[in-house]
1. Checking the structure you have, find out if any residue of the stretch 116-124 is within 16 Å of the ligand (Cβ to nearest atom), without any contact (Cβ under 8 Å) to a residue 60 or more places away in the chain and not assigned by TED's automatic domain parsing to the domain that holds Val284.
2. Is at least one residue of the stretch 50-59 touching a Phe, Trp or Tyr at 6+ places or on another chain (Cβ under 8 Å), surrounded by fewer than 20 Cβ atoms within 10 Å (Cβ to Cβ) and either part of a strand (DSSP E or B) or on the phi < 0 side of the Ramachandran plot (or both)?
3. Spot the failing condition for Ala324; the list is (1) closer than 27 Å to Ile161 by Cα; (2) hydrophobic (A, V, I, L, M, F, W, C); (3) surrounded by fewer than 22 Cβ atoms within 10 Å (Cβ to Cβ), and only one is missed.
4. Could you list, in sequence order, the residues of the stretch 41-62 that are closer than 23 Å to Asn2 by Cβ, within 16 Å of the ligand (Cβ to nearest atom) and either more than 25 Å from the chain's Cα centre (by Cα) or free of Cβ contacts under 8 Å to residues at least 60 places away in the same chain (or both)?
5. Any residue that is in a strand (DSSP E or B) and either crowded, with 17+ Cβ neighbours inside 10 Å or not polar (S, T, N, Q) (or both) - is there at least one of those in the stretch 118-134?
6. Scan the stretch 434-443 and give yes if some residue there is under 20 Å from Leu357 (Cα atoms) and in a helix (DSSP H, G or I), otherwise no.
7. Does Arg346 count as assigned to a loop (DSSP other than H, G, I, E, B) and within 15 Å of the ligand (Cβ to nearest atom)?
Amino acid sequence: MNISIIGAGYVGLVTGACLADKGHQVVCVEVDPDKVAKINRGIPPIHEPGLPELLAKNIKRNLRASADLFQAVRDTDVTLIAVGTPFDGAQIDLTYIKEAARQIGAALQNKNTYHLIVVKSTVVPGTTEQVVRPILEQASGKHAGIDFGLGMNPEFLTEGIAVRDFMLPDRIVLGGIDQKSLDELEQVYHPFAGVPRIRTNTQTAEMIKYVSNALLATMISFANEIGNLSAQLGAIDIVDVMRAIHINNYLSVASPDGARVVAPITSFLEAGCGFGGSCLPKDVQALIAHGHNAGAPMRLLDAVIQINQQQHRQVIGLLKKHFASLRGVQIAILGLAFKPDTDDMRESPAIPIIHALRAEGARIQAYDPIATAEARKIFGATIEYCDSLADALQNVQAVVLVTRWDEFYNVPDLLQQIHPAPVFVDGRRMLDKQKISRYEGIGLSVL
Ligand SMILES: NC(=O)c1ccc[n+]([C@@H]2O[C@H](COP(=O)([O-])OP(=O)(O)OC[C@H]3O[C@@H](n4cnc5c(N)ncnc54)[C@H](O)[C@@H]3O)[C@@H](O)[C@H]2O)c1
């Protein structure tokens, strides 16, 4: 199939590269000329494992980038919209979606063959039918369901393992306004034989994406609330509590040797310094706002967000146990990205933690294996950036682990060589508390 994808960010570019690799002819349309140039040179503008190899293999063969949306839409049979849908503080911001729909509609004006438009961005239920459809119809002068098809196909990839997620999906959700739209959309995923499909309307497809993210966010805030209570009560370690929950029969199965194999979802049932990223915070807040507007208050999800917005304070509280004032205290921050294997800093818990520590007068030296360039855009010269983990641990009075990078399993050994030992706050409960002398952890230590 000939496919155009509007927006070559995390979702658009990974989708484009993977669909090209599966044999489709793909053009990624992007407004940022730097991204277009890089992609056409085979250089991914984002860090994502597996993406450089996919670009090297497919660029200029099955895949190309372009700034020309009109031509791309005219030259293809299907257009996927993968532009950003941020939260504007009150509700979902559909500016980019509306603009993309207007441009696609204008491009369809003089096109005489059937074209399928698919919303791949995360949009609140009703958006495809009530916002995108009228814009497309008005801009094109044509009718959805007659002259063009309209679908909704949410994306579930996780940054850091996005290529793997796309290539080996657990399910494919296909929403359409009619059978023809669904059948055309099915063709896009023809190379993914055997993967379970959910064929449904666009509203349900939109809802499925929000429910997926809202469930994960709820699990994290649940674990954090229980962790904070455990620490407050004293003599309870949330890691032991959650381990017992993880290996119950609902969340694990027995392997032939009797050991328990836990479901991956248990990784969301762990206490830490909070969730971030480009999806969970904004999607949960958008759903809350949407529910509120629809007359269905989302009380549980309200609490999920409130708990998350407070969670960075646990880290500050644990540090304050050791320092009467944080003014002038030199603190290493380990990890800046919102999760490992990505350079994405959007809504990373490192941001409120560093801002709060800076406000208290602490001096920050930070290390992240790959997110330093992104972090500089946020913190500028207000913090120091270290080139290695070992450098970050030099001459500090305290260390805060924020991101679960594998490299940080080396921290206990490195700390043993440092005297006097700095206070260590494990914001992810990642390391063995027995191996670090001045260990403090969320869900373990009393503030
Ligand atoms: N990042 C994720 O892990 C993830 C996972 C699943 C779903 N989503 C959803 O997918 C959507 C995209 O997310 P993302 O992280 O890829 O965003 P992103 O910000 O990384 O990428 C969006 C891209 O679209 C481009 N763009 C905007 N308007 C355009 C236009 N009119 N024409 C061409 N290009 C345009 C921007 O320049 C940008 O490069 C969002 O709705 C998001 O919620 C994201």
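The values are calculated or read from the model by the stated rules, or taken from the named source; none is laboratory data. A quick note: this is a predicted structure, and the numbers were derived from the prediction, not measured. When we count neighbours, we look across all protein chains shown, and the Cβ atoms used for this are built from the backbone with ideal geometry, even at glycine.
1. yes
2. The answer is no, given that none of the residues of the stretch 50-59 is touching a Phe, Trp or Tyr at 6+ places or on another chain (Cβ under 8 Å), surrounded by fewer than 20 Cβ atoms within 10 Å (Cβ to Cβ) and either part of a strand (DSSP E or B) or on the phi < 0 side of the Ramachandran plot (or both).
3. With respect to (1) closer than 27 Å to Ile161 by Cα; (2) hydrophobic (A, V, I, L, M, F, W, C); (3) surrounded by fewer than 22 Cβ atoms within 10 Å (Cβ to Cβ), Ala324 is out only on (1).
4. If the condition is that a residue be closer than 23 Å to Asn2 by Cβ, within 16 Å of the ligand (Cβ to nearest atom) and either more than 25 Å from the chain's Cα centre (by Cα) or free of Cβ contacts under 8 Å to residues at least 60 places away in the same chain (or both), then Pro44, Leu55 are the ones that fit.
5. So far as the stretch 118-134 goes, yes, one or more of its residues are in a strand (DSSP E or B) and either crowded, with 17+ Cβ neighbours inside 10 Å or not polar (S, T, N, Q) (or both).
6. Scanning the stretch 434-443 turns up no residue that is under 20 Å from Leu357 (Cα atoms) and in a helix (DSSP H, G or I).
7. On the way: assigned to a loop (DSSP other than H, G, I, E, B): yes; within 15 Å of the ligand (Cβ to nearest atom): yes.
Answer is yes for this residue.
Let's see how each residue does on (1) within 30 Å of Ile92 (Cα to Cα); (2) among the acidic types (Asp, Glu); (3) in a loop (DSSP other than H, G, I, E, B); (4) modelled with pLDDT under 95:
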position	(1), (2), (3), (4)
Ile245	no, no, no, no
Val253	no, no, no, no
Gly258	no, no, yes, yes
Val261	no, no, no, no
Gly272	yes, no, yes, no
Phe275	yes, no, yes, no
Ser278	yes, no, yes, yes
Lys282	yes, no, no, no
Ala286	yes, no, no, no
